[in-house]
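Novice: Could you have a look at this structure, given as structure tokens, before my questions?
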Amino acid sequence: MNTFDWHEFLRRWSREILASMEDRINQLPTEVIESGWLGYPGATEELIVQTEVRLQTTLPPSYRNFLKVSNGWRQTTPFIYRMWSIEEVEWFSIRNPTWLEQFILENNEIQQAQSHNNNGLSCPQEISDRDYFVYGERQDCSKLRIEYLRNTLEISDRGESSIYLLNPQVVTGNGEWEAWFFGDWLPGADRYRSFREMMQAEYKIFLELTNT
């Protein structure tokens, strides 16, 4: 049973982001400043189902519950400026084919330079389950299965060379998709077991950045 209170979580985050903006707050719409809410009206079940039909998939529960509270979102951290509404989400390979192919090319070049067999020939570097399924502080963000990137779902605009992605190729027993904070300046992605876990981690990062 899902007991996470998205409304309270997002309300708190809104208040703290707005308090941190100081002289930049006038860049926001008046209704946002007055309401203290960086989100939007929630998406209906019908609207979410329409997108699922378009994408030919069933979205993970924590992301669906978030959308029902706020259909999209303004800035979360200094790295992500905007999260897409349900109408705007799209597969990463469709919206960002150049970024995708460039990252794969660069990653392949790095692997070829770092990994050679005894004959001096390059050998493919596979990420084992033991290395891949590590979350939290012990995770090595370079242990990324590049082949998964082609099928990820883009749920935010591209910020500071970074983006939020959902990975439908790693799914928990309760239907949660793996969630990625993917950036050019990372050697891979910061990965989480679910969209909810990623948002909680991003909130902590926001607090650390604003309190330094």
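The values are calculated or read from the model by the stated rules, or taken from the named source; none is laboratory data. Note that the structure is predicted; figures quoted are calculated from it, not measured. Note that each Cβ is placed from the backbone with ideal geometry, even for glycine, and that neighbours are counted across all protein chains shown.
Novice: Give just the number: which of (1) in contact with a Lys or Arg (Cβ under 8 Å, 6 or more places away or on another chain); (2) more than 25 Å from Thr172 (Cα to Cα); (3) touching a residue at least 40 places away in the same chain (Cβ under 8 Å); (4) of a type outside the set (S, T, N, Q) does Phe66 not satisfy?
Specialist: Failed condition: (2).
Novice: Among the candidates Arg64, Arg24, which residue alone is within 23 Å of Ser194 (Cβ to Cβ), out of contact with any His (no Cβ under 6 Å at 6 or more places or on another chain) and among the basic types (Lys, Arg)?
Specialist: Only one candidate passes the filter, namely Arg64.
Novice: Then there is this: For the stretch 159-182, name all the residues that are part of a strand (DSSP E or B) and either more than 12 Å from the chain's Cα centre (by Cα) or surrounded by fewer than 17 Cβ atoms within 10 Å (Cβ to Cβ) (or both). Full working, then the answer.
Specialist: Residues of the stretch 159-182 part of a strand (DSSP E or B): 162-171, 177-182.
Correct list: Pro168, Gln169, Val170, Val171.
Novice: Can you list residue pairs whose Cβ atoms sit under 7 Å apart, with the first residue in the stretch 146-158 being touching a residue at least 60 places away in the same chain (Cβ under 8 Å) and surrounded by fewer than 21 Cβ atoms within 10 Å (Cβ to Cβ) and the second being assigned to a strand (DSSP E or B) and among the basic types (Lys, Arg)? Count only pairs 6 or more apart in sequence or on different chains.
Specialist: Pairs that qualify, where the first residue is touching a residue at least 60 places away in the same chain (Cβ under 8 Å) and surrounded by fewer than 21 Cβ atoms within 10 Å (Cβ to Cβ) and the partner is assigned to a strand (DSSP E or B) and among the basic types (Lys, Arg): there are none.
Novice: Being aliphatic (A, V, I, L, M), under 20 Å from Lys143 (Cβ atoms), surrounded by fewer than 19 Cβ atoms within 10 Å (Cβ to Cβ) and at pLDDT 95 or above is true for just one of Ala189, Ala201. Which residue is that?
Specialist: One residue alone meets the criteria, Ala201.
Novice: Being surrounded by 11 or more Cβ atoms within 10 Å (Cβ to Cβ) and of a type outside the set (Ser, Thr, Tyr) is the filter here, so list the residues in the stretch 22-40 that pass it.
Specialist: Matches in the stretch 22-40: Ile25, Leu28, Val32, Ile33, Gly36, Trp37, Leu38, Gly39.
Novice: Looking only at the stretch 1-48, which residues are at positive phi and of a type in the set (D, E, K, R)?
Specialist: Within the stretch 1-48, Glu22 is the sole residue that qualifies.
Novice: Of Glu90, Glu101, Glu34, which residue is of a type outside the set (A, V, I, L, M, F, W, C) and in contact (Cβ under 8 Å) with a residue 60 or more places away in the chain? Explain how you work it out, then say what you get.
Specialist: Numbers: Glu101 fails: in contact (Cβ under 8 Å) with a residue 60 or more places away in the chain; Glu34 fails: in contact (Cβ under 8 Å) with a residue 60 or more places away in the chain.
Step by step, each of Glu90, Glu101, Glu34 is checked, and only Glu90 is of a type outside the set (A, V, I, L, M, F, W, C) and in contact (Cβ under 8 Å) with a residue 60 or more places away in the chain.
Novice: Condition first: assigned to a loop (DSSP other than H, G, I, E, B) and more than 17 Å from Tyr135 (Cα to Cα). Now tell me which residues in the stretch 183-210 satisfy that.
Specialist: Asp184, Trp185
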